[in-house]
Structure formats: C-alpha cells, structure tokens
Amino acid sequence: MNSALEDDLLADSSVLLARQPVFNKNQDVEAYGLLYRSDDGSLPAEFSDEQATASVILNSYAMVSDTAESKRLPLYVKLTESMLLSDMLPTLPKESVIFELLREDGISKDLIKTVRERKQQGYRFALTHYNGDKSQTALLDVVHVVKIDIQRHTEDELKHMVNFCKPYHVDLLADKVETQDDFRRCIELGFNLFQGFFLCRPVEVKGKKLGSSKALIFELLAELENPNANAASVEQIVINDPVMAYKILKLVNSAAFSTPKQIESISHAISLIGMEQVKKWATLFMLSGQSGKPVELTRMMLIRGRMCELLAEMLSYESPMNFFMVGLLSQLDAMMDMEMTELLQQVPLNDEIKEAILSQKNKMGHILSEVSLYERAEWDEMEGLLEKPYYEVAYRHSMVWAQQVLESLQD
C-alpha cells in the first residue's frame, strides 16, 4: 500500500467524492459538479472544517490548468432545502461554489426568502430538475443557473422551458447530455451550459484511419514492445521528432516526476525513468496532439489512467504501468473519433491490454470497470476491491497528477 496515499485519506472515511465538468458552448470547462456521498446524506464534514481540509478538496477538485497557469473553477455543490434552512452552508469561499438546490416537495416561502438573502450576501444558486412547474417560478428571480434534465422532456417541452426562462436572464444548463447530437441540439435550443458524458463519445467517421503524423509514435511504440530495445535504439527514433524530444525532456523535468537532477538527453531520460515510462508518455503524446479536441478530454483520460495505475499498486498487482495504459486508452475512441475495435487494430499494444479495454475482462479490465463506476459516482455498483476511502484518495491524487502533466505539456 502506498503510504503517501494512506496519509491523505479524508478524516471521514464514509465520504466519497468525484467531479463532473460543466462545459460552455466551446466545450471549455466553466465549473465542476461535485458528486459526493456520506453515510448520513449530509455534506462532507470536511466542508465545515475551518482548517486545511476544505482547501485540500478545493485544490484537488476545482483546479485546472489549461494554460501555463492553474486556476480554480467554481464547484456546484448540492443542497437540500432543509440543509439550507438549517444554516448548514459549508465554509467555502463564495466565489468558489454554486449551490444546487435539490427539488423537494413544494417550494416554501422560507426557502425563497433565505435564497434571496444569501444571494445578496454574494452566494450563487442553481435550481436543479427544473420542469416548468409554476411552483418553481418564484425561484427564477433569485437563482443564477437553471438546470434541466434533457432526457426527461420532449423537444417541445424543452423549447417551452427555455423560452419561459429567457426573461429571467439565468444561465441554462442542459443536464444528461450524452451524445454530440444532444450537445448540438441543446445549443440550437438556447442552452449555454452543458453537463453529461457527451465528450467521452466518439463522433464516428466511417473509414477513418490514423494520420501519417502518428507513424513515428507507432514506430516508437513498436520498438518499446521489442524485448531487445534499449535506450540508444529508442533515442534514435525520438530524435527524428524534435517536438517529441522536447516534450519528453520537459515532462521528465516537471513536477510529475521526482528526478534527482536536470535531464538533458533522451537516452539519459530513458535510463533514469525506464522504458515503460517512455511507452506511457509516447502514448500520451499521440493523444495530446489531436487538434480540435477539448483539453478536458485529455485530462479525463489522464485521471482515469493514473487512477487505474494507483489502484493496481495498492493491490500489489504486477505491471501497474499496463493498468495505466488501459485506463488512458479506454477513451481513445472519443479522442480519435473512431470505433474502438478498428482503432486498436492500428495501435501496437499487447492482447491483454486490448482485451481489457474492449471487454473489461482480466485484472486490468476489472480495475478499469471500478474506475469508470467511481467517476460516474455509481459507487454502489463497484466490486470493492479495496475499502472505498482508498478509491477517493486515488482519484484525488490522480486529478492533481493530471494537472501537473498538462502544465508540463504546455508550449
């Protein structure tokens, strides 16, 4: 077991946390929805901790790095009416949180009064599960965001709700946007914020092949699969692409690695970090060069890959690097807009990795399944290969690590 991860377990071991991005029309991340569960259904105690724990959660779950600088995005945090009226607001900076009002039976005058008072104090609110019911209308004057589950309503119902909300000048958030077609349809309807797993779905182009620009990386991956490969033979391939060579050196010298001294040559880097690590990053470079894809997709792939690797390490499984590859490449179809079976035929990986991605069989596939369920907050469906608090700390560390990697990849 990784002692550093054990030291970072949350104080309340019943709490599980995950996040889901909220996108704008350009598919840039505007905020994250915080998914959480605790034994009693209340907000995690960490949010009321006036010491360091709340900031640890904010720095992990709200931080992104799309450019050379990191920034903190707002978190959508769910609140019930009873939680709000009992003054259970967490001690988080007002600019860092948007409270989601979970719809309960009826909307009381006390709720409207309290939300209005909190709004005047600088807090922001989102109304979830808006369905056009007249009882919800009074809240439209005091909330900043209206969230509509698009899967629950017909096209005509969505049009009516969007038009009804326009005079209130609220942001309209389309929830459960599952496909790129959903995304385009919601833009046409007038939504300006979007949440769902549409980014993880490929826009399949029949007959599409990976471009010739990837040929060098495939040559490198094939060499790394060669049992007789060494640092010199790998370097001879890498130096043919100055951009790749630069990225490898920049990455190895970044915070994502803890190298003892500055590395100045590819062969030196390979000798220090090992062939498996080079294989890992060659694959990442193949992904990060995809134009037209949001940074968030690369971030999600990195988080999944790293979490698979960490869980494998915690379980003392052999070859944790292969678990990373499975996690990272499990969303390759969305990155490349190709059907996964066809895509994997073009990528030089061993059969066990391909089987894990395609069927989620074998140990690597089981870990991939666990991580996928965790990301979606489908925690009751997990097998529980470890105690659940270890999943949260692995997820949190993976987010921080992914941020470090993305920072190092910036030009």
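The values are calculated or read from the model by the stated rules, or taken from the named source; none is laboratory data. Quick caveat, the model's predicted, so the values are computed rather than measured. Heads up, the Cβs are rebuilt from the backbone with ideal geometry, glycines too, and the neighbour counts pull from every protein chain shown.
Criterion applied to Leu220, Leu210, Leu251 was being under 29 Å from the mean Cα position of the chain (by Cα), surrounded by 11 or more Cβ atoms within 10 Å (Cβ to Cβ) and modelled with pLDDT of 75 or more, and the one residue passing it is Leu220.
Can you name the residue in segment 106-132 that is hydrophobic (A, V, I, L, M, F, W, C) and surrounded by 15 or more Cβ atoms within 10 Å (Cβ to Cβ) and, of all such residues, is nearest to Gly33 (Cα to Cα)? Restricting to residues being hydrophobic (A, V, I, L, M, F, W, C) and surrounded by 15 or more Cβ atoms within 10 Å (Cβ to Cβ), the top hit is Ala126. Considering segment 295-354, the residues that are modelled with pLDDT under 90 and on the phi > 0 side of the Ramachandran plot include one that is nearest to the chain's Cα centre (by Cα), namely Asp337. Name the pairs: first residue in segment 112-127 and touching a residue at least 40 places away in the same chain (Cβ under 8 Å), second residue part of a strand (DSSP E or B) and charged (D, E, K, R), Cβ to Cβ under 6 Å, at least 6 apart or on different chains? From residues that are touching a residue at least 40 places away in the same chain (Cβ under 8 Å), the pairs are Ala126/Glu100; Ala126/Lys147. The set of residues in segment 335-349 that are assigned to a loop (DSSP other than H, G, I, E, B) and free of Cβ contacts under 8 Å to residues at least 40 places away in the same chain contains only Gln345.
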